[in-house]
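First comes the structure, then the notes that go with it.
The values are calculated or read from the model by the stated rules, or taken from the named source; none is laboratory data. These numbers were taken from a predicted model, which means no experiment stands behind them. Backbone-built Cβ (ideal geometry, glycine too); neighbour counts: all protein chains shown. Just the protein is used for accessible areas: all its heavy atoms, side chains included, with ligands, DNA and RNA removed. Shrake-Rupley method; radii C 1.70, N 1.55, O 1.52, S 1.80 Å.
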Amino acid sequence: MKFAKDFLFGAATAAYQVEGAWNEDGKGISNWDVFSKIPGKTFEGTNGDVAVDHYHRYKEDIKLMADMGLESYRFSISWPRIIPNGTGEVNPKGIEFYNNVINECLKYGIVPFVTLYHWDMPQVLEEKGGWTNKATIDAFVNYAETCFKAFGDRVKHWITFNETVVFCGLGYLAGAHPPAIVGDKNKYFQATHNVFLAHAKSVELYKSLKQYGEIGITHVYSPAFSVDDKEENIKATEHARNLDTYWYYDPILKGEYPKYVVDHIEKLGVKIDWTAEELEIIRRNADKNDFIGLNYYQPQRVMKNDVQENVERTRENSTGSPGNPSFDGVYKTVRMDDKVYTKWGWEISPEGFLDGLKLLKERYGDVKIYITENGLGDEDPIIEGEVVDIPRIKFIEKHLRAVKDAIKEGVNIKGYYAWSAIDLLSWLNGYKKQYGFIYVDHNNNLERKKKASYYWYKHVIETRGEEI
Ligand code: BG6
């Protein structure tokens, strides 16, 4: 089977992880510009000041993507580059930069797939309470409108937010992302509601502009599976699914919050400030979503847990590796002896991907899905000057196979974006953890080099995945 002609083969990046130029051409300071400079927060103090200098080298990078045959490039717009203070004046140089990136993509027939929020928020807004402050909702919608109007004639695929569970969870429960707050359940849930509302309002606005493109949201999907068939672990797994998946997709696709979670957090004493009007905005926009974006790296292996503790997570245990109790103490994720893990402790499970996709279909039906991220973080071997990233090829091959199988089973998947197009800054793990098809030499003026996976993915695209 070949992938259909309208299935997009892509690759992704995010502004803070590639652009650099953190204080150039009128860009405002972001929360990540500040957070990454707090000692101990990131691997060896790495930050995105220069990143891989995509800001100055986008032409070279997009040419490399075009030569790879990439059909679509998912990138994010840096909010503080467009509106330096979060609200108010627009920075013409910021608009110019993204116009250039978009036009460069279109020159090669690459479909730009744009994320509006991939975690870098104007610091001015973060200082006023970030996502816990309702004023941030309207500031975001205004920023979204600015982007729709500036770029919407050429950009027909929009993602509002990337991985709400990550920036809210690590930001307000685990203290590992800005604003580095630990264990504040109220702030966490309030922030997620405010994000869903900002999403719904942006969708409504986008549709009213009649630009006839697609809009959706991206969540990271780490499907929860019980470690065994003991009833207590199965119950804990259902709990994890509610908290980590349904809480995130239900308000978007069903227009309402899962009752199970609403009841549960009420018992925990969490009070969300949500008005009837806000809930109505979320409800009435649910059927306007054109797709959901789904990032998949690994499943969660779940078992019951009895001890409630607020754990401040460090770089090592905050980005995916199992071994963490849930914030409410009900379940924990565990490492299993019979599973395979990456060097950073992330389980490699294409089977979990397929099973997870089937579970989503059961709950949400035929919703259109783009796999907006999937990839292997590794330290790539260099042999005789060549970057021989065979494990990445194997990883993507198996996961593309799972996508193919899911499509055969009726899951409506319309595109696959490997993470990442080019080696980039891992938020907390520096440049050591590589994901790209294109290598960046940090010892030699950030020179680019095609990896083995680059040639392999090119072939996959040319043959529309027939040999997968
Ligand atoms: C996703 C993010 O959560 O995971 C990416 O959307 C990120 O921005 C990717 O880089 C991999 O995470 P990490 O921690 O390995 O860089």
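For this structure, a couple of remarks:
- At the residue level, V155 shows approximately 0 square angstrom of accessible surface with a 1.4 angstrom probe and all protein chains present.
- Among I438, A452, I468 - extreme Cα towards positive end, dipole of the stretch 402-468, charges at beta-carbon: I438
- For the peptides 456-463, 33-40, the ranking by packing is 456-463, 33-40, with the highest mean count of neighbouring Cβ atoms within 10 Å listed first.
- Close amide-amide hydrogen proximity is noted between K368 and I292, each under 5 Å apart and 5 or more residues distant or on a separate chain (H modeled in the peptide plane; Pro and chain starts excluded).
- For the stretch 177-286, radius of gyration divided by Kirkwood radius, i.e. Rg to Rh on alpha-carbons: 1.02
- With the convex hull constructed from alpha-carbon coordinates only, the stretch 38-168 shows a mean projected area of 9.0 nm² over all directions.
- Cα gyration tensor of the stretch 422-466 - equivalent ellipsoid semi-axes, whole Å, descending: 25, 13, 6
- Label zone at E127 (point 7 Å along Cα-to-Cβ), backbone N below 12 Å, the stretch 81-95: 85-86
- Eligible lysines near K288 by straight Cα distance, threshold 16 Å, same-chain separation 8 or greater: K156, K201, K207, K210, K254, K368
- Stokes-Einstein diffusion coefficient of the stretch 156-233, Kirkwood radius over Cα pairs, 25 °C, 0.890 mPa s, in µm²/s: 168
- With contacts taken as Cα pairs under 8 Å at a separation of at least 6 residues, the stretch 13-155 carries a relative contact order of 29 percent.
- The stretch 42-118 has equivalent-ellipsoid semi-axes of 23, 18, 11 Å, by the square roots of 5 times the alpha carbon gyration tensor eigenvalues, sorted largest first.
- Loop-resident GluC sites (Glu not before Pro) (DSSP state other than H, G, I, E or B) in the stretch 365-446 with no more than 16 further Cβ atoms inside 10 Å of their Cβ: E379, E384, E409.
- The chain, accessible surface, carbon-and-sulfur percent (1.4 angstrom probe): 50
- Using the 1.4 Å probe convention, the accessible area of the stretch 26-127 works out to 34 Å² per residue with neighbouring protein chains retained.
- For the stretch 140-213, trypsin sites (Lys or Arg not before Pro) are listed when DSSP marks them as loop and at most 12 other Cβ atoms sit within 10 Å of their Cβ; the list is K210.
- Qualifying chymotrypsin sites (Phe, Trp or Tyr not before Pro) for the stretch 146-243 [loop in DSSP, other Cβ within 10 Å: at most 14]: Y212
- Of the complete DSSP H runs in the chain, those spanning 20 angstrom or more by Cα along the long axis with a mean Kyte-Doolittle score not below 0.5 are 135-151.
- Evaluated at q = 0.06 Å⁻¹: base-10 log I(q)/I(0), Debye formula over Cα of the chain: -0.23
- Surface exposure of the stretch 314-401, expressed per residue as accessible area with a 1.4 Å probe, stands at 44 Å².
- Among the listed pairs K185/K343; K37/K134; K27/K59; K267/K361; K41/K433, those with a Cα-Cα distance over 23 Å are K185/K343; K37/K134; K267/K361.
- Beta bridges per DSSP, both residues in the chain: antiparallel share near 30 percent.
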